[in-house]
Every structure is written in C-alpha cells, then in structure tokens.
C-alpha cells in the first residue's frame, strides 16, 4: 500500500512538472519566438482514445501540437517517438518520457521482436490522445515525405477510432533537422476533420494523403518560395 501511495505521489508530481514546463517555458517561447496561426482548432479531439496525425519536419512539432490543448489534457497526450534516438542518453530519456511524455517506438521492430504497434494500442486502451507522424521521421524542411502504412494497420485493428489530421507549415524553417538554433519564424497549423477507417488500407492511405493536401491548400503560397 505504501508503495502504491508513493507511486501515486510521484505520478502527480511528474504531471505537475509537465504542466509547469509547458505553462512557464514551452508556451511563452512559442508565443514570443514563433507566431502560430491556428485554423480550425475546434476540430481537435477533446478526449481519448483518439489519434492526432501530423506531418513532421522539426522537433518543435510535438511541442506545438501539445500546446494546442488545454493544460488539463496534457497528461492524456502521448507522442510517438523513436526509442533509439530519444532513449539514447539517460538525461534525454528522462526528459522525453516524463516531461514531453513520448511513447517510444522501435523503428526497426524486426531486430527487437514483438508488435511495433503494441505501445500505441496500450496507450489508446488507457484513453490517451496519441500524436503520430506517419512519415516516420523528420524530412527536409517544408517537404512532406511519403506516408508509411502503420496508421492504416492501426485503424484497421481499431476501426472505431478517429484520426484527426493536422498540417504544420513553417516549423521546418524555425528548427530544421540537424539544427540546434531556433530561428523566429511565422508558422501555420491547420486542423482537419476527423477521419475514420474506410474499409481497406490503400483507401486509408489515400484518404490521409488527400486530407494533408487539402489542408495545405488552405494556406497562402509560402513566402519563402
């Protein structure tokens, strides 16, 4: 019983730490350094289980997506991230797991065995809102790469789930892959209508790709091009 009480207190302290970091550090930095233009924020899921599916160009993507939600929902948010990168160093692992709240996934599941989607399914069973990047990793700045089929497998297993697409623009310029210095840059966030399992995998991938294309088309031509 004492161990359960201690674990409960630790969990509450970690939740409080996450909320303080986002309230006092993440949100002020985003407000001061990055001008976020958010469209259709009312389409975001307000409870889990649910999927939030976004394009991926920067480490900032996770922080921006999480900042779109009220602080009370922060404990419900889990972002899928590469275990081999974010768990590679003890300090980075602690920050990633307890402050950011990542959901570590093996990028080479065959080498480790097991089901690569199992951690996501566990989080969804716990009523979490899972942030997923179907490109798999960060690409070139402001260039969307091909989508991987993991999202289709996940929705096929759980056809009752809704996946809300989000298109991000500008974060690949503010903090591109391989850079450590944040550059102030105006960024856009466009939230789409929730998608559901259409009945087959190819149709699922086409539906998601069309959703991203449609959301991108809502934005004005990129000023840096």
Given the residues 131, 151, which is the only one that is in a helix (DSSP H, G or I), touching a helix residue (DSSP H, G or I) at 6+ places or on another chain (Cβ under 9 Å) and under 24 Å from residue 73 (Cβ atoms)? 151
Restricting to region 168-196, name every residue that is modelled with pLDDT of 95 or more and part of a loop (DSSP other than H, G, I, E, B). 192, 193, 194
Output the number of the condition that residue 22 fails; it satisfies all remaining conditions of (1) modelled with pLDDT of 90 or more; (2) loosely packed, with under 15 Cβ neighbours inside 10 Å; (3) farther than 19 Å from residue 168 by Cα. (2)
How about region 73-99: which of its residues are assigned to a helix (DSSP H, G or I) and within 29 Å of residue 142 (Cβ to Cβ)? 73, 74, 83, 84, 85, 86, 92, 95, 96, 99
Pairs please, first residue from region 208-225 and over 16 Å from residue 195 (Cβ atoms), second anywhere and assigned to a helix (DSSP H, G or I) and at pLDDT below 95, Cβ atoms under 7 Å, 6+ apart in sequence or on different chains. 224/173
By residue number, the members of region 36-72 that are without any contact (Cβ under 8 Å) to a residue 60 or more places away in the chain and either crowded, with 17+ Cβ neighbours inside 10 Å or not in a helix (DSSP H, G or I) (or both) are 46, 63, 67, 70
Determine if region 96-117 includes at least one residue that is closer than 25 Å to residue 187 by Cα, under 16 Å from the mean Cα position of the chain (by Cα) and modelled with pLDDT of 95 or more. no
Which one of these does residue 183 not meet: (1) in contact with a helix residue (DSSP H, G or I) (Cβ under 9 Å, 6 or more places away or on another chain); (2) surrounded by 13 or more Cβ atoms within 10 Å (Cβ to Cβ)? (2)
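The values are calculated or read from the model by the stated rules, or taken from the named source; none is laboratory data. This structure is a prediction, so every number in the text was calculated from the model and none was measured. Cβ: placed from backbone, ideal geometry, glycine included. Neighbour counts: every protein chain shown.
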